[in-house]
Amino acid sequence: MIARLLRAAGLLAASPAGRSPEQKAAERPAAQRQQIRELAREVSNLTSRLQHLERGLDQLRALRTAEDDPHARSLLAALDPARATRHVRDAVAGAVRQDDPVPQLIVRDVWPPELIAAMLATMPAPAFFQSAPDGREILRLPPRLAPTPAMVVLAFAVDLVRDVLGPALAARFVDLWPDGGLSASAGALVRHPPDDATMAADHRPGHILTTVIDLQGGVPNRAVARSSTAGVMPHSAEPVLLTWEFAHYPSDPAP
Amino acid sequence: VLDELDVLRTSLDELQLSLADRQQALDDLLSSERAAVREQAALAAVGGARLLVDLIDIDGHPAQRLGIRRRRVGAPVERRLGHWIGVTRCATPAVDVREMWARLIETERNRPDDSLRGRPSTVLEIPDAVVALDHGGTLRVTMEEEPRADAADAIAIPRCTYGLPSRKLRNFGHWLVDCVPQIDVLTAVDPSATILVAPFQKPFQPWGLTLARAAGRSIEWDGRPIAARRVVLFESDGRTGGGRPLSALTGLRERLLRDDDAWRTRAGRSPQAAARGDRRLYVTRRDARNRRKWVSNEEAIEAVFARRGFEIVSMADVPFDDQARLFREAKVVAGVSGAGLTDLLFSPPGTHAIVLISDSLMRWYADDRGARSFWVDGRRGGDLAELGDSPRFYTHLAAAFEQYCHTFVGADAMPLEPLAAFLDEALARVDAA
């Protein structure tokens, strides 16, 4: 409709032969050029609002269909808090810490298989993620809105991060913050652009430890916990598509 | 070209407005979806359903529990307490009682606001489940993959069946203001479900089922396992920290009033004008057990009221339907605080309640062995409704019903002269209304 209106106003007509758009623009009176600039801004604004609307509609569609997925339901039935807790503790305990060049722990198969299967099967559609300027898409956890099965799985996993994985990792890095305890944030799910081969962790002042878990691409189900002074995470042979990133920060303010 | 640009700008402005409308509609939809999804996710949480109350245990894996629905029934209630408080006198010489009363009034004044609030009740609808009551009073709900062949179609369980001590079930007041509204809510959700109730101990209990439209479809349940294709479970009565289940209670009352022919003819009038009768009732406690009479000069008190046109009624002598009729026709209802006054449920808005509280009744309310005693030291600083479990019980109940409540605190041998002066002042308010 916008294009039709622009054509009706003669603003989208093909340029006459031999005259560039710049030449044509230069021939327009200044007031007209100003108005066209303003209209272009409004069209741009309208376009982004339409995209926002479309995203909301996609969320609604996803919400309406997700609950009926029998595969997701069967995966939910297999989730067991006690088993998951044991698995995560054992995985962290079995990982070997390296301190060169920086303190780092690589935990393989950090989630029990039934949990990562449930996470991937119920993963919220891209419409539930927010776009970041660097091309990544981020869903803060626990999500404010996602299909119910995803909310159930992610709430469970967030509890595991806060109550089991976070404390287990903190115990392995107790020397990084000897004056007090470390607490883990719930973090965020991050969808990476296709050409993003590194897991760029979300470093912020005050974070002591940053953990990135590959969920898709990279080395699936591998967690890398690193002192946050370390910068980017190790390269993967395969592009990383989806990660869970969270941070540890001091439980009490520094003395 | 400039004219055409103006046309274009106008069209763009219209598009912006139209888009804003659609965005608002979508935001509203998403907001309600967000609330529904959160609630559903809490019910299906790995590790166990997160419920609004204790004493319910739902056994089923998360995928099964995705099939549970929580429904909110009734409307939120908000009443300005101060508007409905009438004449208040404390005439006891007992220092401890005077102090307690003063502290209660102070606690009431110090609440964040003057509003009594109640949230809608919540009801859980659970498919294919077996229910049973354990010895600790917890309701066990076991969800099944497939319906059993012998499963009932639908059963409904009020909270009073499993969450109320037996001594409260035997109390007319508790049955009327706490239990019957729950059953009425369940009837509203599923009018055909079989209601499981605790075994009857008093004749007023089956009468209560009639009020809640559940007569003829209830079972006295001893807690043994029962399977059903659909279990309708009263979860929360929406009370905000104490007091009474205001939403369910006012919902029941409004329906009863609507159903009453006399009420219909006066519908649309103000609460004051809607008071239908001119009867003055004094509910005597002469029929109460000795240690629950609360006053020692009941006959003399009755005489004070009788001289002012009050009919003296003993509820034990009046059939339940007639009790309801008496209260429907009353303009003023008086008595020592007790279960007999809960029939205020049937009285129209604008009715005046006159409540007498004796020293021994105040001390009973303050007995720290009872959950009702927290008001004594005002430890909790939350919602005003919390103070409904206190000597202010009837003030709160009357306010919920949009009725005025006058209160007199006196010794067990009520001082007749101050009582008469208080009563005349209260009746002057009645006449002025």
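Coordinate-derived values only; no laboratory data. None of these values were measured; they are calculated from a predicted model. Neighbour counts are summed over all protein chains in view; Cβ atoms, including those assigned to glycine, are modelled from backbone coordinates with ideal geometry.
Mind running the shape call on region B:162-240? Use the C-alpha gyration tensor, a ≥ b ≥ c as the square roots of the eigenvalues: rounded below 1.5 for a/c, prolate if a/b tops b/c, oblate otherwise. The shape class here is rounded. Helical content of the protein assembly as shown, expressed as a calculated mean residue ellipticity at 222 nm, amounts to -12000 deg cm²/dmol (DSSP H runs of 4 or more residues, -39,500 (n - 2.57) each, divided by residue number, nearest 500).
For an R0 of 41 angstrom, estimate the FRET efficiency from the Cβ-Cβ distance between B:Glu14 and B:Arg255 and round to the nearest 0.05. Efficiency, from the Cβ-Cβ distance: 0.30.
The alpha-carbon of B:Lys168 sits under 18 angstrom from the alpha-carbons of these aspartates and glutamates, leaving out residues fewer than 8 places away in its chain: B:Asp178, B:Glu220, B:Asp222, B:Asp237, B:Asp343, B:Asp367, B:Asp368, B:Asp389. Taking 25 °C and 0.890 mPa s as conditions, chain B diffuses translationally at an estimated 102 µm²/s according to Stokes-Einstein applied to its Kirkwood radius (Cα pairs).
Check every DSSP H run in chain B and write down those whose alpha carbon atoms cover 20 angstrom or more along the long axis and whose mean Kyte-Doolittle hydropathy is 0.5 or greater. Counting only whole DSSP H runs, the qualifying helices are B:416-432. Would you mind classifying region A:53-177 by shape? Square roots of the alpha carbon gyration tensor eigenvalues, ordered a ≥ b ≥ c; an a/c under 1.5 is rounded, otherwise it is prolate if a/b is larger than b/c and oblate if not. Here region A:53-177 falls in the oblate category. Extending 7 Å from the Cα toward the beta-carbon at both B:Ala36 and B:Arg167 defines two label points whose distance is 4.6 nm. Restriction of the trypsin sites (Lys or Arg not before Pro) in region B:292-330 to DSSP coil positions whose beta-carbon has at most 13 other beta-carbons within 10 angstrom yields B:Arg307.
Here the calculated FRET efficiency for A:Leu50 and A:Gln130, from their Cβ-Cβ distance with R0 = 22 Å, stands at 0.80, rounded to the nearest 0.05. With a ≥ b ≥ c taken as the square roots of the eigenvalues of the C-alpha gyration tensor of region B:29-82, please select rounded if a/c is under 1.5 and otherwise prolate if a/b is larger than b/c or oblate if it is not? Oblate shape, in that a/c is at least 1.5 and b/c is the bigger or equal ratio. Derived from the Cα gyration tensor, the three semi-axes of the equivalent ellipsoid of region B:317-426 are 24, 18, 14 Å, largest first.
In terms of modelled amide H atoms, which long-range or inter-chain residues lie less than 5 Å from the amide H of A:Leu241? So A:Leu241 has HN proximity to A:Gln216, A:Gly217, A:Gly218. Separation of region A:43-97 and region B:12-78, taken as the distance between their Cα centroids, equals 17 angstrom. Of all DSSP-defined beta bridges confined to chain B, some 40% are antiparallel rather than parallel. Panel order for B:Ile301, A:Ile116, by other beta carbons found within 10 Å of each beta carbon, from fewest to most: A:Ile116, B:Ile301.
Within the protein assembly as shown, antiparallel bridges make up roughly 60 percent of the DSSP beta bridges whose residues both belong there. Using the Karplus relation 6.51 cos²θ - 1.76 cosθ + 1.60 with θ = phi - 60°, the per-residue 3J(HN,Hα) values for region B:139-150 come to 8, 9, 10, 10, 7, 10, 5, 10, x, 6, 5, 8 Hz, with x marking Gly and Pro. Remark: spin-label model distance A:Ala93-B:Arg286 equals 7.7 nm, labels positioned 7 Å along the Cα→Cβ axis.
For chain B, a Gaussian network of Cα nodes joined below 10 Å ranks B:Asp317, B:Asp287, B:Asp28 by mean-square fluctuation, and the top entry is B:Asp28. The ranking of B:Glu402, B:Glu14, A:Glu38 by Cβ neighbour count inside 10 Å, starting from the fewest, reads B:Glu14, A:Glu38, B:Glu402. Using only Cα coordinates, the Kirkwood hydrodynamic radius of region B:292-350 works out to 12.4 Å.
Of the residues B:Ala426, B:Gln205, B:Tyr404, the one whose Cα sits farthest towards the positive end of the charge dipole of the protein assembly as shown is B:Ala426 (charges of +1 on Lys and Arg Cβ, -1 on Asp and Glu Cβ, taken about the Cα centre). Relative to the globular-protein estimate of 2.2 N^0.38 Å, the Cα radius of gyration of region B:95-161 stands at 2.04. Here the residues B:Phe408, B:Phe234, ranked from fewest to most Cβ neighbours within 10 Å of their Cβ, fall in the order B:Phe408, B:Phe234.
The alpha-carbon atoms of the protein assembly as shown define a convex hull whose volume equals 259 cubic angstrom per residue. The amide H of B:Ala353, built 1.01 Å from its N in the peptide plane, has B:Val333, B:Tyr404, B:Cys405, B:His406 as neighbours under 5 Å, considering only residues 5 or more places off or on other chains.
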